[in-house]
Amino acid sequence: MKAYLSDRMGAALLMAPLLLFLGAAYAWPFLGVVNWSFTLPEPGLGQYGALATDPLVQSVFIRTLRIAAIVTLLSVTAAYAITVVWVRGTPMQRVVAEFCILVPFWISVLTRAFGWVALLSNRGLINTWLQAIGFISEPLTLVRNEFGVIVGMTHFLIPFAVFPLASSMRSLDDRVLLAARGLGSSRMRTFWSVFVPMTRSGIIGSALIVFVFSLGFFVTPAILGGGRSVMIAELIYLRIFQSPDWGLGAAISVVLVLFVGALMALLFRYVRPKQMI
Amino acid sequence: MPTYRPGPVSLILAALVALFLLLPLLAVIPVSLTPSRMLAMPSGELSLRHYRALIEDPRWINSILLSIRIGVVSSAFSTVLALCFSLGVWMFQPRFTAVLVGFVLLPMVVPPVVSAITLYFLLTSISGVSSFFGYDTWLGVAMAHAVMTVPFATVLILVSLSQLDRRIDLAARGLGATVWERATRIIMPNIKFGIVTAALLSFVLSWEEIGVTLFITSVNAITLPRLMWMGLRDNIDPAIAALSVILIIITVLVLAVRSLVGRLRGAH
């Protein structure tokens with residue numbers, strides 16, 4: 001009995017500091033933000049009404065969903081191509097692929113966005129070269145628009161898409177593929193009818209991660225969109241700091257959390273968490 | 001055992017993706033060597049003036065020192081809290097563990113911009129009470145970073161605990177070790193690699209944190225990413241290119257050393 005009590009005490013003492021810290025520094029202020037959304041500038045559901053009717057807010061929501069969908073498709077496809085080599089290549093190919101995945105992964109989002117500015121801006125690498133070889137006379141607008149945002153976000157998210165794909169490809173049994181080949185299926189056919197279906201859970205997991213990440217993405221769209229291709233996260237920032245409307249910023253945040261939560265709940269119903277990781 | 005290798009089409013596609021991944025990192029090198037004061041390709045001569053600016057301009061040095069201080073404090077804080085919490089989970093396996101762990105992981109799952117507005121609310125509320133611990137103070141930033149990094153530290157420590165053999169702890173318990181002795185002399189020495197990794201990851205995440213930092217600082221607590229952000233938004237400063245080159249080289253070196261060490265270990 002005494003041991004049981006001391007166990008409970010021990011667990012409480014060890015676990016309490018972090019739970020109290022996050023309760024005070026995360027849960028409580030989040031409720032404060034929810035409270036803002038119902039009380040600023042005046043009590044009521046006014047901000048949520050505004051969300052439903054304001055054409056600017058709606059266009060930002062639609063743009064965010066569109067960009068997130070495109071980025072998800074591009075990054076999962078690109079990640080799939082490089083993961084195949086990372087998991088199934090020769091030892092040398094694996095080292096090179098791993099280098100190309102991990103180096104960008106560990107470099108900060110700002111440096112990577114800046115790299116795209118250096119490549120895509122009017123006086124950047126691509127425009128300078130294209131003009132030097134006389135291919136174009138005027139610089140192409142590659143940045144400060146949706147194109148730049150999509151390129152930068154895809155680049156940022158590919159490494160995140162790689163990890164769920166890699167674990168599903170690693171657990172795949174080689175003998176199945178060899179059997180398909182042995183039964184006369186071509187390389188292409190083996191890939192599309194055996195390899196891809198067997199990595200389905202990895203594809204779903206990585207698409208979910210990328211889509212959720214891109215919904216709340218802030219830094220890359222703000223830098224590469226140049227204020228012209230505003231996504232939800234930047235809209236929240238603008239509502240807090242530029243045209244102070246804290247209530248609306250808070251209401252958008254609440255809607256974003258609910259949306260992401262619903263999305264994850266939906267996916268957890270269809271894909272068991274174990275299959276995803 | 002025969003293995004199934006990727007064919008030529010796969011290799012070509014993967015090479016294109018690899019090129020896409022490395023291209024922006026390579027592009028900053030020529031920009032960092034431009035003699036121009038604005039973002040441009042060097043035409044003809046190269047210059048190291050932007051590297052010199054990093055050393056001579058006190059703003060860069062100050063922000064680097066501030067980022068290190070915030071990183072060390074927030075990483076120490078979040079690693080200790082994550083370690084205690086994970087030990088509690090592993091040693092006592094209390095009821096509602098899944099719910100509690102889920103709660104701790106929230107800052108990792110919630111969109112960062114929502115965490116940012118939440119921490120902005122927290123720090124502006126604290127500012128009303130204390131002037132050196134709230135909005136735009138280094139302690140405030142360190143606390144906010146601890147909130148953001150603690151889920152990652154917890155995951156890493158829980159993973160390394162899950163690989164630990166419970167029987168060594170049971171043996172210590174059976175021989176009469178107290179909870180404190182079991183934690184510090186049996187369990188922690190066996191997961192030190194996980195603890196160190198958690199601390200390092202927390203530091204790196206704090207060092208490059210920008211999404212939240214942007215919401216909770218204005219003029220005083222200018223961390224390195226915050227300073228880069230200012231230089232990127234207004235008039236693009238090529239010193240950022242020079243700094244990026246240095247950060248990329250450090251990353252490549254660390255990764256190379258790590259994989260070399262891993263290979264040497266594997267060889268034995």
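All of the numbers you see were taken from the coordinates with simple rules; none came from a lab. Note that this is a predicted model, so its numbers are computed, not measured. All Cβ positions, even for glycine, are placed from backbone atoms using ideal geometry, and neighbour counts span all protein chains on display.
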Debye-sum result for the range B:47-131 in log10 I(q)/I(0), which assumes one identical scatterer on each alpha carbon, at q = 0.18 Å⁻¹: -1.03
Anisotropy class of the range A:196-277 from Cα gyration tensor, a/c 1.5 cut: oblate
Most positive-pole-ward Cα, A:46, A:92, A:152, against dipole of chain A from beta carbon charges: A:92
Cβ-Cβ FRET estimate between residue A:95 and residue B:99, R0 fixed at 45 Å, reported to 0.05: 0.60
Peptides ranked, highest mean first, by Cβ atoms within 10 Å: ranges B:209-220, A:40-51: B:209-220, A:40-51
Distance (nanometres) between label positions extended 7 Å along Cα→Cβ at residue A:52 and residue B:173: 5.4 nm
Cβ-based charge dipole, the range A:193-277, positive-most Cα from A:205, A:229, A:257: A:205
Ranking of A:133, B:187, B:250 by count of other Cβ atoms within 10 Å, fewest first: A:133, B:250, B:187
For residues of B:127-140, the mean tally of beta carbons on other chains within 10 Å: 0
Relative contact order (%) - criterion: Cα under 8 Å, at least six apart; region: the range A:125-205: 27 percent
Kyte-Doolittle mean at least 0.0 and Cα axial length at least 24 Å: DSSP H helices in chain B: B:8-32, B:58-92, B:138-162, B:239-267
Axial C-alpha extent at least 20 Å, average Kyte-Doolittle at least -1.0 - helices from chain A (DSSP): A:2-22, A:55-88, A:91-106, A:146-170, A:200-215, A:246-270
Mean ellipticity per residue at 222 nm, deg cm²/dmol - from DSSP H runs of n ≥ 4 across chain A, formula -39500 (n - 2.57): -24500 deg cm²/dmol
Neighbouring partner chain Cβ atoms per residue of B:78-89, average, 10 Å criterion: 4
Relative packing of peptides A:230-236, A:184-190 - highest average C-beta neighbours within 10 Å first: A:230-236, A:184-190
Per-pair calculated FRET efficiency, R0 = 45 Å: residue A:131 and residue A:243 via Cβ, rounded to 0.05: 0.70
Cβ crowding within 10 Å averaged over residues, with A:61-69, B:159-167, B:135-143 ranked highest first: B:135-143, A:61-69, B:159-167
Chain A shape via C-alpha gyration tensor axes, a/c threshold 1.5: oblate
Förster radius 60 Å - calculated FRET efficiency between residue A:173 and residue B:47 (Cβ-Cβ, nearest 0.05): 0.60
Spacing of the two label points (7 Å from each Cα toward its C-beta) at residue B:26 and residue A:73, in nm: 2.9 nm
Ratio of the Cα radius of gyration of the range A:1-114 to 2.2 N^0.38 Å, where N counts its residues: 1.84
Per residue, the convex hull volume that the Cα atoms of the protein assembly as shown enclose (Å³): 197 Å³
Three-way shape call for the range A:67-198 based on the alpha-carbon gyration tensor, with the a/c threshold at 1.5: prolate
Label-point separation in nm, residue A:192 to residue A:8, each point 7 Å along Cα→Cβ: 6.3 nm
Unit charges on C-beta of K, R, D, E only; dipole of the protein assembly as shown, Debye: 1760 debye
Cβ charges +1 (Lys, Arg) and -1 (Asp, Glu), total dipole of chain B, debye: 800 debye
